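Heads up, the thing below is written out as structure tokens.
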Amino acid sequence: MLNQFSRTELLFGKDVMERLEQSRVAVFGIGGVGGYTVEALVRSGVGAIDLIDDDKVCLTNLNRQIIATRSTIGKYKVDVMKERILDINPNCKVEVHKCFYLPETKGEFDFSQYSYVVDAVDTVTAKIQLVMEAKEKGVPIISSMGAGNKLNPAEFEVADIYQTSVCPLAKVMRRELKKRGVKDLKVVYSKEQPIRPIEDMAISCRTNCICPPGAEHKCTERRAIPGSNAFVPSVVGLIIASEVIKDLAKG
């Protein structure tokens, strides 16, 4: 019977579509990368999605985040994303978690319930903890490496973390995961040399922070404010979603 996923079913077949509908994917970080990942997952027919992020939409998110519009500024990203998901597929089961994932908050999540985990967060501590939890529970996970300060979306590729090079974040992750005995991790990364952002305090969040009132984590807390654009994070997010769908389709 014709439905909103009929065009996808023409490529995957009925059995795979049923498998996707029964899958539950947790996406940690609903920003430039994670937002586009979620967008593609729900449009591909994934039946349950967990959204994890404690941030609110900011004016500076409008240049790259699919959930960011003038009308959503100041709203929790997970709430905006949930509303968008249900507008696309009302049958999708959506769980929102308004928290910043860290070792201190890991107890709030049961990884054994997930079919797949997407790491689209920014901090190394959180990324490592996500990998360790997923590996312990035997749940597939894919991690986004550095997408900030990049201009060429064509440079991104899928690889094992130990096959990466150039990317500063991937270098740190390789070192830390090796210490912990992690033997493999699927990542999306780029060999493009990061660009040094222009040092202009007039347009810097460092001195002109406009994070919405009540924001738990402000830009001023970051060691560096990366430059970003509309086409790099979105491509990374879509690559991640394609890998998730491909792996889930295999069963």
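FYI, it's all coordinate maths here, none of it is from the lab. In this text the structure is predicted, and so the values were computed from the model without any measurement. Ideal geometry is used to build each Cβ from the backbone, glycine not excepted, and the neighbour counts take in all protein chains shown.
Quick notes on this one:
- Computed from backbone phi, the HN-Hα couplings of the stretch 20-30 come to 5, 5, 8, 8, 10, 10, 9, 10, 9, x, 10 Hz, rounded to whole numbers (Karplus: 6.51 cos²θ - 1.76 cosθ + 1.60, θ = phi - 60°; Gly and Pro given as x).
- For Lys93, the residues 5 or more places off, or on other chains, whose built amide H falls under 5 Å of its own are Ala48, Ile49.
- Value of relative contact order over the chain, rounded to a whole percent, pairs C-alpha under 8 Å and six or more apart: 24
- Taking Glu39, Glu9 and counting other C-beta atoms within 10 Å, the order from fewest to most: Glu9, Glu39
- Sorted fewest first by neighbouring Cβ atoms within 10 angstrom, Ile245, Ile141 come out as Ile245, Ile141.
- Virtual spin-label span in nm between Glu108 and Val139, 7 Å along Cα→Cβ: 1.4
- Fraction in percent of alpha-carbon pairs per bin - 10 Å, the stretch 1-134: 12, 42, 32, 13, 1
- Along the axis of the charge dipole computed for the stretch 14-250 (Cβ charges of +1 for Lys and Arg, -1 for Asp and Glu, origin at the Cα centre), the listed residues Val46, Ile245, Tyr189 are led at the positive end by Tyr189.
- Placing a pseudo-label 7 Å from each Cα along the Cα-to-Cβ vector at Ala224 and Lys14 gives an inter-label distance of 5.4 nm.
- Applied to the stretch 61-68, the Karplus parametrisation 6.51 cos²θ - 1.76 cosθ + 1.60 on θ = phi - 60° returns per-residue 3J(HN,Hα) values of 7, 5, 7, 8, 9, 5, 8, 8 Hz, with x for Gly and Pro.
- Between Asp55 and Lys77, the built amide H atoms are under 5 Å apart, and every one of these is 5 or more places off in sequence or on another chain.
- Model label points for Val124 and Glu21, set 7 angstrom from Cα along the Cα-to-Cβ axis, are 4.5 nm apart.
- Charge-dipole axis of the chain as Lys and Arg at +1 and Asp and Glu at -1 on Cβ define it, positive-most pick from Ile73, Ile225, Gly31: Ile225
- Proximity of backbone amide H atoms, modeled 1.01 Å from N, is registered between Tyr116 and Arg24, Ala26 at under 5 Å, excluding neighbours fewer than 5 places apart on the same chain.
- Potential lengthening between Lys186 and Asn91 on full extension [0.36 nm per residue; Cα-Cα distance subtracted]: 31.2 nm
- Between the stretch 105-148 and the stretch 1-33, the alpha-carbon center distance in angstrom: 21
- Residue-wise HN-Hα couplings along the stretch 240-251, as the Karplus relation 6.51 cos²θ - 1.76 cosθ + 1.60 with θ = phi - 60° gives them from phi, are 4, 4, 5, 5, 4, 4, 4, 5, 5, 5, 6, x Hz; Gly and Pro carry x.
- Fewest neighbouring Cβ atoms within 10 Å first, the residues Thr105, Thr164 line up as Thr105, Thr164.
- 20 Å Cα-Cα reach of Lys250 towards lysines, excluding residues that sit fewer than 8 places from it in its own chain: Lys14, Lys135, Lys137, Lys186
- Charge dipole magnitude, Cβ of K and R +1, D and E -1 - the chain, Cα centre, debye nearest 20: 500
- Farthest towards the positive end of the charge dipole of the stretch 14-250, among the residues Ser144, Cys167, Ile128, is the Cα of Cys167, using unit charges on the Cβ of Lys, Arg, Asp and Glu.
- A simple count of charges around Val244, restricted to other residues whose Cβ falls under 15 Å of its Cβ and scoring Lys, Arg +1 and Asp, Glu -1, yields 0.
- Mean residue ellipticity (222 nm) of the chain, computed from DSSP H runs ≥ 4 via -39,500 (n - 2.57), nearest 500: -10500 deg cm²/dmol
- Alpha-carbon Rg with Dmax, taken over the chain, Å: 17.7, 57
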